[in-house]
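Just so it is clear, none of the values below were taken in a lab; they were calculated from the coordinates. Model, not experiment: these values are computed from the prediction. When we count neighbours, we look across all protein chains shown, and the Cβ atoms used for this are built from the backbone with ideal geometry, even at glycine.
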Amino acid sequence: MDLDAALGLLTEVPDFPVPGVLFRDLAPLFAHAEGFRVVTDALAATVDPEVDLLAAVEARGFLLAAAVAHARGLGVVLVRKPGKLPSVAGRVEYALEYGTATLELPVNVVPPHARVAVVDDVLATGGTVGAACRLLEQAGAVVSGVSVVLELAALGGRDALDGRRVQSLRTA
Ligand SMILES: O=P(O)(O)OC[C@H]1O[C@H](OP(=O)(O)OP(=O)(O)O)[C@H](O)[C@@H]1O
Ligand SMILES: Nc1ncnc2[nH]cnc12
């Protein structure tokens, strides 16, 4: 299966989770052994060889980052939604395409000056990945780049990331 066919496993769901949003559902891709491998290998190839660590945002980002981490021999910083972490190193609030949210960074997982690549499934407004980048940078890390499966260009996520390097497998 090639990358185009693998990305063809994504489906579009109108008016989810709120009216007016065209939701891009990666569940069929995650459930397809070959499609998932093709996409995670392609995503792994976008990650700067010099990085020390990956970071990902709960929940879909965790799945992709774990596969990329395995492929590249890296660890993953788990950036979490509120109330999950016993000790919080940093917290940011941000706006989503559909609502607002908060992310938290665990203590003692990001070494100062670590070079970190952020992995996620969808870049929409950039609120989520931007918040993760700010958390990592507040902790003293350097964000070397952002790798996503799908970029929704009309929502301006790339511009919201203030010049950080963004690589997407597909732009819609
Ligand atoms: O660029 P943005 O506008 O911030 O949107 C992209 C984010 O939205 C989705 O996460 P969601 O919060 O829906 O969580 P999930 O992974 O738990 O489904 C997606 O997984 C991205 O992280
Ligand atoms: N349209 C969308 N589809 C899937 N995930 C999203 N996250 C933010 N916007 C999204």
Looking at the chain as a GNM with Cα springs under 10 Å, which of Gly35, Gly130, Gly99 has the largest mean-square fluctuation? Gly99
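Give, rounded to the nearest 20 debye, the magnitude of the charge dipole that the chain has about its Cα centre when Lys and Arg contribute +1 at Cβ and Asp and Glu contribute -1 at Cβ. Kindly include the intermediate steps, with their values, before the conclusion.
On the way: 14 positive and 20 negative charges, 91 e Å.
That gives a dipole near 440 debye.
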Which length gain, in nm to one decimal place, applies between Ala154 and Ala66 when the Cα-Cα distance is subtracted from 0.36 nm times their residue separation? 28.9 nm
Please identify, among Ala67, Ala132, Ala27, the residue showing maximal mean-square fluctuation in a Gaussian network model of the chain using a 10 angstrom Cα cutoff. Ala27
Helix-derived [θ] at 222 nm for the chain: sum -39500 (n - 2.57) over DSSP H runs of at least 4, divide by residue count, nearest 500? -8500 deg cm²/dmol
For Arg164, Arg37, order by how many other beta-carbon atoms lie within 10 Å, fewest first: Arg37, Arg164
Using only Cα atoms, locate the centre of region 46-120 and the centre of region 131-172, then give the distance between them in Å, rounded to an integer. 12
Could you work out which residue, out of Glu50, Glu151, Glu58, moves most in a Gaussian network model of the chain, that is, has the largest mean-square fluctuation with Cα springs under 10 Å? Glu50
Once you place label points 7 Å from the Cα toward the Cβ at Ala59 and Ala31, how far apart are they in nm? 1.5
